[in-house]
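Q: Below is a structure I'd like to ask you about.
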Amino acid sequence: MNGIIFAILAATVATVFAGIGSAKGVGSAAQTAMGVLSEDSSMFGKMLVLTLLPGTQGLYGFIVGFLVMINCGILGGTEPSLMQGLAYLGASFAIGIGGMISGFAQGKAAVAGISMCAKDEKNFSKAMVSITLVEIYALLAFIVSLLMVITIPNIKM
């Protein structure tokens, strides 16, 4: 029995859960930014940057999912063994769950940063730093998933 079903599930977990986090985070930030822009459209550039920041989690999940598909025979590579398929699934949970939770948290930070900038544009850099601090945890989850996914084909299971 091969692990292709688990590898497909792994690509799905990484992409969908991280994407949910980004969609929720960007959606919340966009709602707040639209309110600010209805009062002052000159702040569009700053609002766009702050709104986009929670979107990176979805990108990280997509990259991990894409690499799983390349490695497991869907887009190249060879079909994984059952243990490799399970390993892909385990590896995908880091960015899937980590990306979802950090996407939610980064969206909340973006809403606060956008609100802060609405009161005084000089607070933009402070908002950027605060919102970016949450990104560290998405990056850590991404790196863990990435390192595992690129290592699994070399492990004899």
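The values are calculated or read from the model by the stated rules, or taken from the named source; none is laboratory data. Everything numeric here is computed off the predicted structure, so don't read it as measured data. Cβ sites come from the backbone with ideal geometry, for glycine too, and all protein chains shown count toward neighbours.
Q: Looking only at region 60-89, count every residue that is out of contact with any Phe, Trp or Tyr (no Cβ under 9 Å at 6 or more places or on another chain) and not aromatic (F, W, Y) and tell me the total.
A: 12
Q: When you scan region 78-92, do you find a residue that is of a type in the set (G, A, S), out of contact with any strand residue (DSSP E or B) (no Cβ under 9 Å at 6 or more places or on another chain) and crowded, with 24+ Cβ neighbours inside 10 Å, even just one?
A: yes
Q: Right, here's the next one. Looking only at region 75-91, count how many residues are in a helix (DSSP H, G or I) and over 25 Å from the mean Cα position of the chain (by Cα). Write out each step before concluding.
A: Applying the first criterion (in a helix (DSSP H, G or I)) to region 75-91 yields 82-91.
Right, trim to over 25 Å from the mean Cα position of the chain (by Cα) and you get 82-83.
Count: 2.
Q: Also: (1) surrounded by fewer than 15 Cβ atoms within 10 Å (Cβ to Cβ); (2) modelled with pLDDT of 90 or more: which one isn't true of L75, the others all being true?
A: Failing condition for L75: (2).
Q: Would you call T12 within 15 Å of the chain's Cα centre (by Cα), part of a helix (DSSP H, G or I) and of a type in the set (S, T, Y)?
A: In short, yes.
Q: Within the group M34, M69, which residue is hydrophobic (A, V, I, L, M, F, W, C), assigned to a helix (DSSP H, G or I) and crowded, with 18+ Cβ neighbours inside 10 Å?
A: Of the residues listed, the single one that is hydrophobic (A, V, I, L, M, F, W, C), assigned to a helix (DSSP H, G or I) and crowded, with 18+ Cβ neighbours inside 10 Å is M69.
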